[in-house]
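Enquirer: Structure incoming, see below.
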Amino acid sequence: MTVFEGNFHGDIAGLRLAIVVGRFNDLVTGKLLAGCQDALKRHGIDIDPHGTQVDYFWVPGAFELPMVARQAALSNRYNAVICLGAVIRGSTPHFDYVAAEAAKGIAAVSFQTGVPVVFGVLTTDTMQQSLERAGIKSNLGWSYGMNALEMASLMGQMQQNLVTPAPTTPVLPINASDRV
Ligand code: INI
C-alpha cells in the first residue's frame, strides 16, 4: 500500500494560491499575511500580486471569509485557498457568532469544493494573545502558508493516483448567467 503525504518540493512553480484576508483587526491580519507570504516566498512561490501565482482578496471581516473563499475555490484556478482573520472576544456574544460562522463556513467550502481551504483565523480573548500569535512570539501566518503548500501537494497526489469522486454536496451557481 502507499503512504500519501504532502511535501514542499514538488511542482512549486505550477501552484496557484488565493489568500483571503479580513481587514477587521488588521493590525493582526496584516502580520499574519506577512508571515504567510514569508513562508510561501522561502519555499519558491512568487508572492507578487502582479505575478501569476498568488491572488489576494481583502474582505471586511472574518464573517465574509467563507463567501469569498468559496468563489475562489469554485473558479478552478487555485490549488489552495488561505483564509486569514482575527476574531477577538469583546464584551458581547458577537465574537461567538463571527468565529463560529467563519469556522463552519470555511470547513464547508473545503468539503463542498474539494479545494483545500486553510483556516487561518485566530480566535483569542485579547489583542495581546492575537499579537503573540502573529509575530511577537511566533507567527502562525507562516504555518498557514505551509499548511496550504502541504495540502495542495497532498490533494495533487491524490488526484493523480486515486479515483476521486466529484464533490457530493451540490454547489450553488456562481455566475449570474447560470442562475435559474
Ligand atoms: N470581524 C473580525 O474579523 N474579527 C472580529 O473580532 C470581529 N468582531 O469582533 O466584531 C469582526 N466583526 C465583523 C464581521 O466579521 C463582519 O465583517 C461584519 O459583521 C459585517 O458582515
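Enquirer: Count the DSSP beta bridges whose two residues both fall in the chain, then state the antiparallel fraction as a percent rounded to the nearest 5.
Expert: Around 5 percent antiparallel, to the nearest 5.
Enquirer: Next question, about the same structure. Compute the separation of the alpha-carbon centres of segment 1-33 and segment 72-142 and state it in Å as a whole number.
Expert: So the separation of the two Cα centres works out to 12 Å.
Enquirer: Tell me which residues come under 5 Å, amide H to amide H, from residue 82 once H is placed; ignore anything under 5 positions away on its chain.
Expert: 18, 19, 20, 118
Enquirer: Once fully extended, how much extra length lies between residue 7 and residue 56, figured as 0.36 nm per residue of separation less the alpha-carbon to alpha-carbon distance?
Expert: 15.3 nm
Enquirer: Among 151, 1, rank each residue by its count of other Cβ atoms within 10 Å, from fewest to most, as a rough exposure measure.
Expert: 1, 151
Enquirer: Using a Förster distance of 30 angstrom, determine the FRET efficiency expected from the C-beta separation of residue 91 and residue 137, and round it to 0.05.
Expert: E(calc), rounded to 0.05, equals 0.70.
Enquirer: Please name which of 135, 97, 158 has its Cα lying farthest along the dipole of the chain towards the positive end, using unit charges on Cβ (Lys, Arg +1; Asp, Glu -1) and the Cα centre as origin.
Expert: 97
Enquirer: Quick one: 98, 68, 81, fewest Cβ neighbours within 10 Å first, how do they rank?
Expert: Least crowded to most crowded, the residues run 68, 98, 81.
Enquirer: Further question on the same structure: What is the sum of charges, Lys and Arg at +1 and Asp and Glu at -1, for the other residues whose Cβ falls under 15 Å from the Cβ of residue 17?
Expert: After counting each charged neighbour, the total is -2.
Enquirer: Hey, what's the Kirkwood Rh for the chain if you take every pair of different alpha carbons, in angstrom?
Expert: 16.8
Enquirer: With the contact rule set at Cα under 8 Å and sequence spacing of 6 or more, what percent relative contact order holds for segment 58-104?
Expert: RCO, segment 58-104: 44 percent.
Enquirer: Note down the magnitude of the dipole of the chain about its Cα centre, charges +1 on Lys and Arg C-beta and -1 on Asp and Glu C-beta and zero elsewhere, to the nearest 20 debye.
Expert: Here the chain has a charge dipole of around 100 debye.
Coordinate-derived values only; no laboratory data. Everything numeric here is computed off the predicted structure, so don't read it as measured data. Virtual Cβ from ideal backbone geometry, glycine too; neighbours counted across all protein chains shown.
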